[in-house]
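Structure record follows, encoded as structure tokens.
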Amino acid sequence: MNSHPDIRLRPAWHVAIPFLLGAFMTGVIGMAAQHRLTLGFSVLLIAWGVLWSLLARARRARFHAAITAAVARLPAPSIDKATWLGPATLRVRPRRSGNLLWSREGFLWLPDSGASLQVDQQQVSMAGVRAELEFPWRELAGIEHACGTLSGDQLIFMRKDGGSTRFALPNPAVYTFVMHALAMERGVMAPEKPAAHH
């Protein structure tokens, strides 16, 4: 088992971005309207953003520990069951929400179909799985993580044929689960022994 999971958390200051944008827009409107109270409201928004950033920074260690514990409990897939890794939104127009699964053959993506996915202790019966996208181990060239200030966490599957598929991740733990699955498949036991690049 990978005792040092690859965990990528957004910087704590990202939490302040909406507040700073709100303060900027309020300040511009206030200057145009020549309203003095808007300056005070802008300062309040900035202070609120700084406060939330500090709270997020204080909670990062706890969140990191929670993800590490969740990776330790993550079950490996079996012949008849896949492991549910979490939600992932396909970055196409329009965006489509769905779920990532880890099977013995690779990764699967199932779009949300209105019917809830039957997950039992983070495992899903392969009998009911109708994957729309598949990323078999033999076709997978690599996996990347990207984090935009406003776009958030993104997971990129790169194929050996040069193609790639991008997902937005509502939960950063999903990336860690994916990397754990890849490490288990490639026999990587620690980050000091990275997977070979193709």
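The values are calculated or read from the model by the stated rules, or taken from the named source; none is laboratory data. All figures in this text were calculated on a predicted structure; none of them were measured in a lab. Backbone-built Cβ (ideal geometry, glycine too); neighbour counts: all protein chains shown.
Take region 112-137 and flag every residue that is crowded, with 16+ Cβ neighbours inside 10 Å and in a strand (DSSP E or B).
123, 124, 133, 135
Here's the yes/no breakdown for (1) modelled with pLDDT of 85 or more; (2) surrounded by 12 or more Cβ atoms within 10 Å (Cβ to Cβ); (3) of a type in the set (Ser, Thr, Tyr); (4) closer than 23 Å to residue 173 by Cβ:
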| site | (1), (2), (3), (4) |
| --- | --- |
| 1 | no, no, no, yes |
| 13 | no, yes, no, yes |
| 33 | no, no, no, no |
| 60 | no, yes, no, yes |
| 84 | yes, yes, no, yes |
| 87 | yes, yes, no, yes |
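Please indicate, with yes or no, whether at least one residue in region 43-57 is surrounded by 14 or more Cβ atoms within 10 Å (Cβ to Cβ), among the aromatic types (Phe, Trp, Tyr), touching a residue at least 12 places away in the same chain (Cβ under 8 Å) and over 30 Å from residue 85 (Cα atoms).
Scanning region 43-57 turns up at least one residue that is surrounded by 14 or more Cβ atoms within 10 Å (Cβ to Cβ), among the aromatic types (Phe, Trp, Tyr), touching a residue at least 12 places away in the same chain (Cβ under 8 Å) and over 30 Å from residue 85 (Cα atoms).
Regarding residue 20, is this residue more than 24 Å from residue 100 (Cβ to Cβ) and within 26 Å of the chain's Cα centre (by Cα)?
yes
Got at least one residue in region 100-110 being loosely packed, with under 14 Cβ neighbours inside 10 Å and free of Cβ contacts under 8 Å to residues at least 24 places away in the same chain?
no
Between 23, 88, which is in a strand (DSSP E or B) and either among the aromatic types (Phe, Trp, Tyr) or closer than 26 Å to residue 151 by Cα (or both)?
Only one candidate qualifies: 88.
Mind listing whichever residues of region 91-111 are more than 17 Å from residue 78 (Cβ to Cβ) and either more than 20 Å from the chain's Cα centre (by Cα) or assigned to a strand (DSSP E or B) (or both)?
96, 97, 98, 99, 100, 109, 110, 111
Residue by residue, here is whether (1) in contact with a Ser or Thr (Cβ under 6 Å, 6 or more places away or on another chain); (2) at pLDDT 90 or above holds:
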| site | (1), (2) |
| --- | --- |
| 104 | no, yes |
| 112 | yes, no |
| 118 | no, no |
| 127 | no, no |
| 135 | no, yes |
| 152 | no, no |
| 155 | no, yes |
| 166 | no, yes |
| 177 | no, yes |
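Restricting the first residue to region 11-37 and requiring it to be without any contact (Cβ under 8 Å) to a residue 24 or more places away in the chain, which pairs with a second residue that is small (Gly, Ala, Ser) meet a Cβ separation below 8 Å and a spacing of at least six or different chains?
24/42; 26/42; 27/42; 30/42; 36/30; 37/30
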